[in-house]
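What follows is one structure encoded as structure tokens, with my remarks underneath.
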Amino acid sequence: MGMVSFYPGPSRVYPKVKRYLQDAYRNNIVSINHRSDEFVSVSKRTVQLLHEKLNVPADYTIYFVSSATESWEIIAQSLINEQSIHLFNGAFGKKWFEYTGRIKPGATAWPFTLHEKLKPVAFTSGDTLCITQNETSNGTQVTNKLIQQLRAKNPGHLIAVDATSSMAGVESDFTSADVWFASVQKCFGLPAGLGVLICSPAALKRAAEVNHRQHYNSLLYLHETMQQYQTTYTPNVLGIYLLMRMLESVKPIKKVSGTIKSRYKKWETFFDTKSNQLNFLVRNKTVRSHTVLAIEAPAAKVQQVKAAAKKAGFLLGNGYGDWKNTTFRIANFPAIQRNEIARLMDFLYSYI
Ligand SMILES: *Cc1c(COP(=O)(O)O)cnc(C)c1O
């Protein structure tokens with residue numbers, strides 16, 4: 001039996017991906033031209049399915065990009081006027097802030113701590129708020145409710161949300177922000193190399209004001225080519241096809257979200273009540289991620305568990321950034337099978 005990956009990205013892909021890949025080869029999807037009618041119909045159907053399965057509002061537009069990192073750059077170039085404010089408590093939010101600062105020097109950090117719930121502050125400066133909804137590095141999340149409160153307090157700001165390790169796993173209220181993005185190697189359960197960028201009408205209005213046209217991935221160009229369901233460069237056609245097939249087969253996000261939440265509850269019971277040696281890094285339950293679990297233990301114990309897990313056929317995620325040596329991470333992504341979770345829990349029993 002192969003290794004079961006609980007790595008929070010790149011992560012376990014849906015078992016059906018094997019068949020989709022075979023179909024893609026057999027049906028010559030791997031060689032189609034990105035200006036052809038065949039591509040356009042795959043692209044169009046994928047966009048429709050994203051709206052349908054993820055509940056993306058009809059007036060929000062969807063673009064194919066290469067990654068979440070590219071989305072950071074697109075936002076910095078095409079949407080931020082002068083000053084973005086970055087609300088973060090972990091490594092990915094920090095990276096986004098640093099990255100943006102190199103393009104738009106006005107970027108301002110608004111860090112908060114791991115155990116603290118983000119406060120819905122009314123910002124008196126800045127034009128764009130940048131929020132990492134699910135912080136993959138430490139297993140925390142910002143709830144829909146909080147994003148809604150930030151929206152209410154900051155009607156003049158554009159709100160951009162990095163949902164890389166939650167989109168397609170938990171339900172988002174897309175209307176509460178203007179820009180959402182993710183790459184597909186996390187909750188979408190697909191191979192890496194494709195990202196999805198979603199924009200509100202207000203985001204497009206801002207793009208027109210900023211009028212950035214210096215780069216191939218300027219949002220205005222993405223938008224122009226997407227009128228024909230095309231992209232500005234030759235995209236990851238295979239990745240888009242796999243996304244289409246996966247979306248055809250998954251349940252609507254409300255249902256998927258319910259499954260993820262109930263699996264998370266089982267993990268919560270497992271670590272919070274049965275273990276005193278392995279604990280959630282984040283003690284405050286209200287800020288814990290439902291899709292990425294960060295488990296804390298002394299460094300030697302973390303080493304031991306990871307090594308034994310590998311021998312038993314489970315790949316656990318390494319700790320990340322500040323928590324590299326004292327945590328390991330467990331993905332709670334939809335592509336992971338129920339029996340695989342049960343087997344990992346059985347295995348971890350001897351270490352709790
Ligand atoms: C993985 C991840 C990224 C980076 O994704 P890429 O596809 O490598 O660009 C960005 N933000 C978050 C929150 C992530 O989990």
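Taking all protein chains together, Val210, Val184 sort by accessible area into Val210, Val184, largest first [probe 1.4 Å].
How much area per residue is accessible in the range 1-50 when the probe is 1.4 Å and only protein heavy atoms are counted (Å²)? Before the final figure, lay out each step's value.
On the way: 2950 Å² over 50 residues.
Value for the range 1-50: 59 Å² per residue.
Here the contact order of the range 187-313, divided by its residue count and restricted to Cα pairs under 8 Å and six or more residues apart, works out to 17 percent.
Can you send over the carbon and sulfur percentage of the accessible area for the range 245-352, probe radius 1.4 Å, protein chains only? Provide the component values of the computation, followed by the final result.
Numbers: 2530 of 4930 Å².
Of all accessible area on the range 245-352, carbon and sulfur atoms account for 51 percent.
With K and R counted +1 and D and E -1, the other residues having a Cβ less than 13 Å from that of Glu38 yield a net charge of +2.
Remark: accessible surface ordering of Trp72, Trp110 (largest first) is Trp110, Trp72, probe radius 1.4 Å.
With a 1.4 Å probe and all protein chains in place, put Glu224, Glu98 in order of accessible area, largest first.
I get Glu224, Glu98, largest accessible area first.
Per-residue 3J(HN,Hα) values for the range 237-242, derived from phi via the Karplus relation 6.51 cos²θ - 1.76 cosθ + 1.60 with θ = phi - 60°, read 4, 4, x, 5, 4, 4 Hz in sequence order (x marks Gly and Pro).
Amide H to amide H distances under 5 Å link Arg288 with Gln141, where only residues 5 or more positions off or on other chains count and H is placed in the peptide plane.
Could you please state how large a percent of the accessible area of the range 29-148 is carbon and sulfur, counting protein chains only and using a 1.4 Å probe?
On the way: 2500 of 4780 Å².
Its accessible area is 52 percent carbon and sulfur atoms.
Given a 1.4 angstrom probe, what's the average accessible area per residue across the range 184-306, in square angstrom? Spell out each step's value before the answer.
Values: 5160 Å² over 123 residues.
Value for the range 184-306: 42 Å² per residue.
Relative contact order, percent, of the chain when contacts are C-alpha pairs under 8 Å separated by at least 6 residues? Walk me through the numbers on the way to the answer.
Working: 677 pairs, mean separation 88.6, N = 352.
Value for the chain: 25 percent.
For Arg12, the solvent-accessible surface with a 1.4 Å probe is about 50 Å², rounded to the nearest 10.
Between Glu116 and Lys310, what is 0.36 nm times their sequence separation minus the Cα-Cα distance? Round to one decimal in nm. Walk me through the numbers on the way to the answer.
On the way: separation 194, 0.36 × 194 = 69.84 nm, distance 3.33 nm.
The span from Glu116 to Lys310 would gain 66.5 nm if fully extended.
Per residue, the accessible area of the range 106-158 comes to 41 Å², computed with a 1.4 Å probe over protein heavy atoms only.
Each other residue within a Cβ distance under 12 Å of Ser67 adds +1 if Lys or Arg and -1 if Asp or Glu, for a net charge of -2. Per-residue Karplus couplings for the range 145-159, computed as 6.51 cos²θ - 1.76 cosθ + 1.60 with θ equal to phi - 60°, are listed in order as 4, 5, 5, 4, 5, 4, 4, 5, 7, 10, x, x, 8, 7, 10 Hz, Gly and Pro entered as x.
Quick one: how many Å² of Lys254 are accessible to a 1.4 Å probe, rounded to 10? Probe radius 1.4 Å; accessible area of Lys254 about 140 Å². Placing +1 on the Cβ of every Lys and Arg and -1 on the Cβ of every Asp and Glu, with no other charges, gives the chain a dipole of roughly 1240 debye about its Cα centre.
The values are calculated or read from the model by the stated rules, or taken from the named source; none is laboratory data. Note that the structure is a prediction, hence the values are computed from the model and not measured. Cβ: placed from backbone, ideal geometry, glycine included. Neighbour counts: every protein chain shown. The area values use the complete protein model at the heavy-atom level, side chains included, leaving out ligands, DNA and RNA. Shrake-Rupley method; radii C 1.70, N 1.55, O 1.52, S 1.80 Å.
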